[in-house]
Each structure stands twice: as C-alpha cells, then as structure tokens.
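Each remark here refers to the structure printed beneath this line.
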Amino acid sequence: MTSTWSAAARRALKNSHVQFLILGAALLLLPVLSANGIIKTSTLSTLGFVLIYAIVAMGLNLLLGYSGLISLGTAGFMGLGAYIAAYVQDNLRLGFWVALLAALVIPTIIGILVGVVSLRVRSIYLAIATLCISEILLKTFEQAEWFTRGTAGKQSTFPVIFGIHTDRRFMFSVIVIALVLIMMLTHNIVHGHLGRALHAMRSSEVAAQAMGVNVLKYKLFAFAMATLYAGLGGALYLFFLRSSYPSSWNLFLSLNVIAMVVVGGLRSIFGTLAGAFVIFAVPELVLKELPVVGDIPGLPYIFSGILIVVVIMFFPQGLKGLADRVRHALTPRPPSVTKDAAVVQEATR
Amino acid sequence: MELLQPLLRSLETGSVYALAALGIILVWRTSLVMHFAQGSMGMFSGTAVAFVLNRTGAPLWLSVLFGALVAVLLGFAVDFAVIRRLKRATAVGKEIVTLGLIMVFLGLAPILFGTDPMLLPKAIPTGDVSLGVANLSYNALLNIMVGIVVAAGLFVVLQKTKVGLAIRATASNESTARLMGIPTKTVTLLAWAMAGVLGMLAAVMIAPTTTVTPTFMNTVQVSALFACVLGGFQTFYGPVLGAYLIAVASNFLKLYGSSVWGDQILYLLILVFLLVRPNGLVGKTYLKKV
C-alpha cells in the first residue's frame, strides 16, 4: 500500500501544477514568518517585488523565448498598469477589481496597437517601437498631472478585497496567488495548442508559416501576453508599495526584466523566478551589505549587465540549464538510455 | 516667417543624430548587430572627455583626442571580447548583449568619473554670424560642419577607398567577403571603433546643451535608432537623411505643435510612417531566405 501511495505522490510531484501549488504554499509561509518577526519586514518587501518582477518577466519570457522578440517597453507598460490601478481605485473609487481589470486591459490594447504597426516588418522593429512607446509613456507619467501627479508621485492606499482591509502582508499573499495563477496560465499556454504554434515558429518561422501557422498572429499574441503580465505586475506593484513615481519606470527596469529572463533561462517558468531573484534580490539583499563594494554607485547595473553578457556568451540556457546539468550529473543512468534521451531531446528541440 | 532660425537649429541637432546613426548603421551592416549601446558608449567616452577637461584643465581638442582614444579602445574591446565570440548566438542574443553593455557602461561611468554631473563647454564659446533674419553661433556652425564633413568623408572612404570596399563587401555578404580574402574580422573591429568615435563626437557636440550625466545620451540614442528606421537599414546614407529629417520635424513640431509633446508626436508619426513604407525612405525590400 505504502509503495503505491508513494508512487502516486511521486507522480503528483512531477505534475507542474502541483509543483506551482507547493511553491505557492511555501511562499505563503513568508508573511506568517514576518508577522512572528523571524524575517524582517524589509526582506518581505524585497521578496514581494521579486515575485512581482517574476510575473512581469514570465510575460517577457513568452515573448523572448518563443518568438525571439525583444520588448523595451516593459517598464512603460508596467508603469501604465500601476497608474491606471491608482487612478481607478483612488480617483474614480471603483474598487480593487475594476482597478485590476483596467490595469490589465488598457496596456494590452496599447500593446496590440504597437505590435500591429511594428511586427509587420522585421522583428527588431518591435524593440525600437517599444523603446519609443516607453519614452512616450514616461513623458506622460511626468506631464499628465491629473492622472499621475507628475514627479511628485502618485500616492495610493492598500485595497479593500472582498470587504477585507488589506495590509502589506496580506498583499504579499495576493501577489503569491497571482504568481501561482500566472505560472499555471503560462504553463498551459506553452503546453497547449498555442504553445505548439509558438514552438514551430521558434525553430523556423518560414517553415511554420508554410505549415499554416499565422506567424504575425502568434507574435502579436506573445507580445499581448507580455504587456498583459506587465500591466498586472504594475497594478500589484502599486497595491504593494502604495506609491508610484515616473522615475521608477525608466529603460533600466525594462533591461532588468530582460536580464531576469536571460539569466533565469529562456522558456523556463521556475528559471524566470530564479532569474528575478538573482537580478533584483541579490543586489538588494547581498551586494548592498558587502563592506567596501556595497557603497559603489551603479553596482546593480554592472551586476545585471555583466550577468547578461556572460550568460549569453557562456551559458545560453541560463540558470535552468545549470540546474539541468547538475541534475544530469547527479542521476546515474545506463549509457544507452542517456543516448536515447539525447536523441529524443534532439528530436523534440 | 521665421523659418530659417529653427531650420538652422535642426541642422545642428541633425548633425548629432546623423553621427550617432552612422555608428549604428556601420555596426549593423558589418556585424548584423543592432547597436543599442551606441548612446551609452558615446556617453562613456564623452564623460571621459569632460572628466579630463575638468580635472586636468587640458584644452578641449586634447580632451577630445583622449576621448577618441577611449572610444577606439572601447570599440576594439567590445568587438574583440564579446561580439566576435557571439557568432553562434542568435540575432536576439546579440541584441540583448548590447542591451547588457548599456548597463555595464551606465554603471562604470559614475565609478570611474564620479557621480557629480559635469559640464562640457562649447568648442567656440562666443560669436555668431548673422544670416539675414537668423543668427547662427560659430559653435553651431562648427557642429553643422563637423556633421556634414564627417558624414561626407565617410561616404568618400566607403565609395572610393580599399577599406571602404572591404566594409561594403562585408556588409553585403560576410562569408562571401571572407572567401574573397577580405579580413572581415578586422573590418568589423574597425566598424566598432568608428562607431565609438562617432558616438563620442555626438556626445561632445550635444553635451554643452545639457549636463554630462549617465543618461544624457538617451534622446540621441532613441533619435539615432529612429533615424535608421526612417532612412532604412539597407544604405549608409539613408540613416543620415533620416537623422536630419527627424531633427527638422522635431524642431518644427516643438515650435508650431507642442513644446512639451513635440518629440512624442514625432515618434508616433514615425510609427505610422512604418505602416506606409515599412523599409524606410530609401530602403529596399528585405527578403528572408529559408
């Protein structure tokens, strides 16, 4: 009996959705630990931002990992989500859910418009077009004072969800739930009908087109998902921090999100989470605390920049690839099986 | 109508954008990398110029020479240590590397040159020529001349010299060029160094209008990229044309449209323009072969 139970448990553990839920449950312990004073509130905040950036980076990973497109507008769309959430909640007083919905829908629509214009030519145009949209949005955040209060910064409050007045710890749990849902959604997209089209597109655009895949449509879909995730991340950012300043939404946030995807490993959900941790939390929690090095200005930039370059040059699979290699080295296999596995891997790649 | 004055001012900023755009297109044609770090590499060597000038009191021309040396070494280093080793990386991978380089230079500049914003004086501090209704400062005239002379000089080099032929051959087809005995690696190295010097010149020209901070080249970078989009990536002269057009359009939109939103309106107009002519003004159709 016990053996069948353990076999069932092992099978369940291999299910990605179960893994996501276990991760979520573990993360939900963090606010409890913080309430008991075991971890610092500032650490909890840092981890909260890691999870928010992980959500945003997962959207970019769909775009970058499957369609090979770069968006430099992530920060702009995230900021737009944040300001819309604040405006709908605090100025229009329509409540949390309407604010969240607006922060998801409006950036996505703008994203689709930008995609329609720029994706028809060459993939690199999307990067340039989103760079300029990002500049336009940043200018809007600085100038449209009725909407954003300009450089003075928009202040907001913790939302009321289902009649509960939330606080920082409660919002952390909301972020965890959003993260788990986003992980499941991403997993389902990648492993469903859409994912197959995206995979086909990745190996050869022309071949995929010949097989009847509408390349433009799927590129547009991937970019729309990236902006949707960015809008969600922006709204969560606002509800977690309760303020938003134009200077937060500059190009370097967009570059950092790209760094998270690259460092974590393309097309890997857990890798992206790890990448977000390395890029955001390591400078914040570790580098700043170092004796001499910690005081150097611009250190986080150099850290992210060098990581991007080194990972692309030497570890194209990122942290996910490293983890795979370690796992491979730790599990002894008969040689014939590994050879077969390699062939299968080659065939499915 | 006061048309001459804004037109002259546009020629000045257009020269800055043209130099930066030339660097981007040189790198694009020879290494097939979209050079997102052109602005930040220009920022870095431009900051080096300001640093030498402010710290040692060296004359501007000597500081600029030093900046050119920094730019050349930087270009060599980037191509030699990074870009050349990326032959197997995907096109996106190369782009992302230049994005990573932005962050490296952005972080390095305050460490090496200090966090305080610096000032860079004009090459010619005072004096202007009167052209009927409009005035043109000697410095603006110099900037316009530098832009035109450097761009024209580069075209002569590209069209008439052996080096230019090598660059054009590499741009047209890298592997064929290599088979024909052209040292394509050296050509690429040269292109990165030239892009670095062009970026430094753009930085020194735009610096007197602002302060030298890590982000002072952002507008130049965006405008130069757009100049390439507008002019098309297939020729060397297209982006230069695009740069001057963008400068003129930007100045007139700011003057007669909105002083705050001029550039933003311009960006949107260029995006709309892409719908009509996706390959740019002088671009040829780009065919992707299987």
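Any residue at all in the range A:62-77 that's surrounded by fewer than 24 Cβ atoms within 10 Å (Cβ to Cβ) and more than 14 Å from chain B (Cβ to nearest Cβ)?
Taking every residue of the range A:62-77 in turn, none turns out to be surrounded by fewer than 24 Cβ atoms within 10 Å (Cβ to Cβ) and more than 14 Å from chain B (Cβ to nearest Cβ).
At pLDDT 85 or above and surrounded by 15 or more Cβ atoms within 10 Å (Cβ to Cβ), is that true of B:Leu112? Before the answer, list the steps.
On the way: at pLDDT 85 or above: yes; surrounded by 15 or more Cβ atoms within 10 Å (Cβ to Cβ): no.
Answer is no for this residue.
For the range A:239-259, which residues satisfy the criterion of being within 12 Å of another protein chain (Cβ to nearest Cβ) and either touching a strand residue (DSSP E or B) at 6+ places or on another chain (Cβ under 9 Å) or under 26 Å from A:Phe170 (Cα atoms) (or both)?
Once the filter is applied, which keeps residues that are within 12 Å of another protein chain (Cβ to nearest Cβ) and either touching a strand residue (DSSP E or B) at 6+ places or on another chain (Cβ under 9 Å) or under 26 Å from A:Phe170 (Cα atoms) (or both), the range A:239-259 yields A:Leu253, A:Val257.
So, A:Ile133, is that one touching a helix residue (DSSP H, G or I) at 6+ places or on another chain (Cβ under 8 Å), at pLDDT 80 or above and within 14 Å of chain B (Cβ to nearest Cβ) or not?
Answer is yes for this residue.
Name the residue, out of B:Val282, B:Val187, B:Val197, that is more than 14 Å from chain A (Cβ to nearest Cβ), in contact (Cβ under 8 Å) with a residue 12 or more places away in the chain and not in a helix (DSSP H, G or I). Quick ask: steps written out before the conclusion?
Numbers: B:Val187 fails: not in a helix (DSSP H, G or I); B:Val197 fails: not in a helix (DSSP H, G or I).
None of the other options fit; the residue is B:Val282.
Which pairs have Cβ atoms under 7 Å, sit 6 or more apart or on different chains, and link a residue in the range B:73-98 that is more than 10 Å from every other protein chain (Cβ to nearest Cβ) and of a type outside the set (Asp, Glu) to one that is surrounded by fewer than 15 Cβ atoms within 10 Å (Cβ to Cβ) and in a loop (DSSP other than H, G, I, E, B)?
Correct list of pairs: empty, since none qualify.
When the residues of the range B:34-61 are filtered to those that are over 30 Å from B:Val97 (Cβ atoms) and small (Gly, Ala, Ser), which remaining residue is surrounded by the fewest Cβ atoms within 10 Å (Cβ to Cβ)? Outline the logic, then answer.
Just the residues of the range B:34-61 that are over 30 Å from B:Val97 (Cβ atoms), to begin with: B:53-61.
Now drop any that are not small (Gly, Ala, Ser), which leaves B:57-58.
Numbers: B:Gly57: 8, B:Ala58: 15.
Selected residue: B:Gly57.
Please find, within the range B:257-278, the residue that is farthest from B:Asn218 (Cα to Cα) out of those that are at the interface with chain A (Cβ under 7 Å from one of its Cβ atoms) and not hydrophobic (A, V, I, L, M, F, W, C).
So, considering only residues that are at the interface with chain A (Cβ under 7 Å from one of its Cβ atoms) and not hydrophobic (A, V, I, L, M, F, W, C), the one farthest from B:Asn218 (Cα to Cα) is B:Pro278.
Going through the range A:268-299 one residue at a time, which ones are within 14 Å of another protein chain (Cβ to nearest Cβ), modelled with pLDDT under 85 and within 19 Å of the chain's Cα centre (by Cα)?
Scanning the range A:268-299 gives a single hit, A:Pro283.
Given the condition away from chain B (no Cβ under 14 Å), of a type outside the set (Ser, Thr, Tyr) and farther than 30 Å from B:Leu32 by Cα, answer yes or no: does some residue in the range A:136-144 qualify?
Here is the first cut: in the range A:136-144, the residues away from chain B (no Cβ under 14 Å) are none.
So far as the range A:136-144 goes, no, none of its residues is away from chain B (no Cβ under 14 Å), of a type outside the set (Ser, Thr, Tyr) and farther than 30 Å from B:Leu32 by Cα.
The values are calculated or read from the model by the stated rules, or taken from the named source; none is laboratory data. Given the structure is predicted, the values throughout are model-derived calculations rather than measurements. Cβ coordinates were reconstructed from backbone atoms using ideal geometry, including for glycine residues, and neighbour counts include every protein chain displayed.
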